[in-house]
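K.L.:
Once you've had a glance at the structure underneath, I'll fire off some questions.
The values are calculated or read from the model by the stated rules, or taken from the named source; none is laboratory data. Small disclaimer: the values here were computed from a predicted structure and weren't measured. Virtual Cβ from ideal backbone geometry, glycine too; neighbours counted across all protein chains shown.
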Amino acid sequence: MRPAAWLALGLAPLLGLGGFVGWKSRSVARELIDPPFYHPQPLARVEATYRELAEGQDGDPGGSWSSEEVGGLQLWRFTRRTTSPGVVLLLHGFGDDRWGTSPALKWFPNLDAAIFTYRRRDDAIRQGREVPAVTFGVAESRDVLQVVHHLEARGVPRRRIVLLGRSLGASVGLLALADLEREEKGPLAGIIWEGAPASSRSFAERLVRGPRDRWWHVLAPSIGALAAAQAGRWGGYAPADTDLLLRVGELRLATPSLCFLATQDRLAPAEVQRSIAGRFKNGRVIEVPTWHLHCADALGPGYTGAIQTATDAWLQIHPGRPAGHHPVP
């Protein structure tokens, strides 16, 4: 066999490996900026869900919906039938939108609610327009700041605003909260979060790994780094700006926190969750031996009970007293 043939034979595995790494990193990068499993619901179904939530059920008193334009975003407000002590801003996760998150308002029967889709991606998809890339919290957290500032301008003090985020919604909420606290205008009423990915790079690596370990996962860190970098180029953001530990920095967060920590979560590493939870001056961590986004299922009524105990304390709602006795200042 000629030397060139031997060389080609020796290089074939390396070329194959390089091709696999390139293909896998591009595939994961595409998933980071445009979740392939996300399909917005028809507006008729969204409207039907909103009507059901307005009517109230399962102990929820219901309320009424209204919407308004806020700097290019469509903000939906849910107003209870009696005066509420505060507003919970519901932040959706990766591959979700306002419809998928809206049923969470039933966890807050005493509170008004507000909800929107980051960058209005659902409308862009429905209308066949260019769809803004998911930026893994960089642009999305700025949307949250804009909405919080709008609520303040409408007379809701930030000490009466609660953030709820799960999965990427938790990361978005934490990134936004860090920026809000740097404004030095006081804390929010509280933040409830679960399963916050540590960064786009961390999340990409864990997407490569999937639900179980395989021999080739020694490549996962490299593929994750390449995917995060590519997604950042496509989405126009710096992957470092998605890093929770970097963005929160050395802040001692004054906003009270309730963290549901899924200890078996492969997408949101527990050690990062604990580190972020430790940055709060006043926080509670509930560790649950389950997977990503399954804390509510695992805890059952204890999940909503913990949420309502926290918000009652943060907003000084006294058990047995109607919500109308606690007007927003």
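K.L.:
Here are some residues: G236, G190, G186. Which one is touching a residue at least 12 places away in the same chain (Cβ under 8 Å) and either closer than 23 Å to P36 by Cα or of a type in the set (D, E) (or both)?
P.N.:
The match here is G236.
K.L.:
Being more than 11 Å from L111 (Cβ to Cβ) and of a type in the set (G, A, S): is that true of G72 here?
P.N.:
yes
K.L.:
Only one of these conditions is not met by P187: (1) in a loop (DSSP other than H, G, I, E, B); (2) crowded, with 24+ Cβ neighbours inside 10 Å. Which number is it?
P.N.:
The one condition P187 does not meet is (2).
K.L.:
Filter the stretch 151-173 for residues that are assigned to a helix (DSSP H, G or I), out of contact with any Pro (no Cβ under 7 Å at 6 or more places or on another chain), small (G, A, S) and in contact (Cβ under 8 Å) with a residue 12 or more places away in the chain and give the result.
P.N.:
G169, A170, G173 - these are the residues of the stretch 151-173 that are assigned to a helix (DSSP H, G or I), out of contact with any Pro (no Cβ under 7 Å at 6 or more places or on another chain), small (G, A, S) and in contact (Cβ under 8 Å) with a residue 12 or more places away in the chain.
K.L.:
Does L180 satisfy the criteria of being more than 23 Å from V28 (Cα to Cα) and either aromatic (F, W, Y) or part of a helix (DSSP H, G or I) (or both)? Spell out the reasoning first.
P.N.:
Working: more than 23 Å from V28 (Cα to Cα): yes; either aromatic (F, W, Y) or part of a helix (DSSP H, G or I) (or both): yes.
Yes, satisfied.
K.L.:
With a cut-off of at least 3 residues that are touching a strand residue (DSSP E or B) at 6+ places or on another chain (Cβ under 8 Å) and modelled with pLDDT under 95, name the strands (runs of 3 or more DSSP E) lying wholly within the stretch 50-150. I'd like the intermediate steps shown before the answer.
P.N.:
Working: elements: 63-70, 73-80, 87-91, 112-115.
Where strands (runs of 3 or more DSSP E) fall fully within the stretch 50-150, none carries at least 3 residues being touching a strand residue (DSSP E or B) at 6+ places or on another chain (Cβ under 8 Å) and modelled with pLDDT under 95.
K.L.:
Any chance you could count how many residues in the stretch 226-253 are touching a Ser or Thr at 6+ places or on another chain (Cβ under 9 Å), surrounded by fewer than 16 Cβ atoms within 10 Å (Cβ to Cβ) and part of a helix (DSSP H, G or I)?
P.N.:
The qualifying residues number 3.
K.L.:
Let me ask something additional. Counting only residues that are in contact with an Asp or Glu (Cβ under 9 Å, 6 or more places away or on another chain) and outside any helix (DSSP H, G or I), which one in the stretch 195-224 is farthest from S257 (Cα to Cα)?
P.N.:
Ranking the qualifying residues of the stretch 195-224, first place goes to S199.
K.L.:
Which of the residues belonging to the stretch 126-154 are over 20 Å from Y237 (Cβ atoms), of a type in the set (A, V, I, L, M, F, W, C) and surrounded by fewer than 19 Cβ atoms within 10 Å (Cβ to Cβ)? Explain how you work it out, then say what you get.
P.N.:
Narrowing the stretch 126-154 to residues over 20 Å from Y237 (Cβ atoms): 126-129, 148-154.
Checking the rest, the ones that are also of a type in the set (A, V, I, L, M, F, W, C) come to 148, 151, 153.
The one that is over 20 Å from Y237 (Cβ atoms), of a type in the set (A, V, I, L, M, F, W, C) and surrounded by fewer than 19 Cβ atoms within 10 Å (Cβ to Cβ): A153.
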